[in-house]
1. Only one residue in 179, 103, 155 is surrounded by 14 or more Cβ atoms within 10 Å (Cβ to Cβ), touching a strand residue (DSSP E or B) at 6+ places or on another chain (Cβ under 8 Å), in a helix (DSSP H, G or I) and at pLDDT 85 or above, so which one is that?
2. Across the stretch 196-210, what is the total count of residues that are more than 20 Å from residue 150 (Cβ to Cβ) and assigned to a strand (DSSP E or B)?
3. As an exercise: evaluate residue 193 against (1) within 19 Å of the chain's Cα centre (by Cα); (2) assigned to a helix (DSSP H, G or I); (3) surrounded by fewer than 19 Cβ atoms within 10 Å (Cβ to Cβ) and give the number of the one condition it does not meet.
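The values are calculated or read from the model by the stated rules, or taken from the named source; none is laboratory data. Just so it is clear, the structure is predicted and the values come from calculations on it, not from any experiment. For neighbour counting, all protein chains shown are included, and Cβ atoms are generated from backbone atoms with ideal geometry for every residue, glycine included.
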């Protein structure tokens, strides 16, 4: 009986580890910006192609854990009355159905992280009085390493937080960030450097578009 409980705990643990691994490429950019851990965002980008597979593994592992937790017990599974899981002193939270549901909930939150990552970024209010319209410049930055909407939020926040930036929007699908800024207050080179220093992504090139 003890061996079966240990096995169930291992399956639940394996599911949680797979879920965390699948989400590292999305979580680290946010940590890089908010925690001042410049450079770590690109550390786990290699996991992005594996993300669907890791999510699938998590689903299979947790599904098997649920099957073992809720399948009808055979008489041979209970060696004696003292091993009945309803006995208070035999209860172990790590082997319980409640813990399995907790792990499942955490896994779902990890998988959905890119869709709500924006809530972790404080608002940026760039109230800039542009004296000369000729100072307003639009540019594109070609960024290597963005893999999800969480990455976009990190890039957008980093750019929008800089004095002189009027607006910034990026796309992980194209790897391009469009930024409008006052060139008398900040240089395009400084914006590219901020992305590399504060997040860890590589800016392959940048160009003025107007």
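1. On the way: 179 fails: in a helix (DSSP H, G or I); 103 fails: touching a strand residue (DSSP E or B) at 6+ places or on another chain (Cβ under 8 Å).
Of 179, 103, 155, the one residue that is surrounded by 14 or more Cβ atoms within 10 Å (Cβ to Cβ), touching a strand residue (DSSP E or B) at 6+ places or on another chain (Cβ under 8 Å), in a helix (DSSP H, G or I) and at pLDDT 85 or above is 155.
2. Let us first name the residues in the stretch 196-210 that are more than 20 Å from residue 150 (Cβ to Cβ), namely 204-210.
Still in the list and also assigned to a strand (DSSP E or B): 204-208.
Looking only at that region, the number is 5.
3. Looking at each condition in turn, residue 193 falls short on (1).
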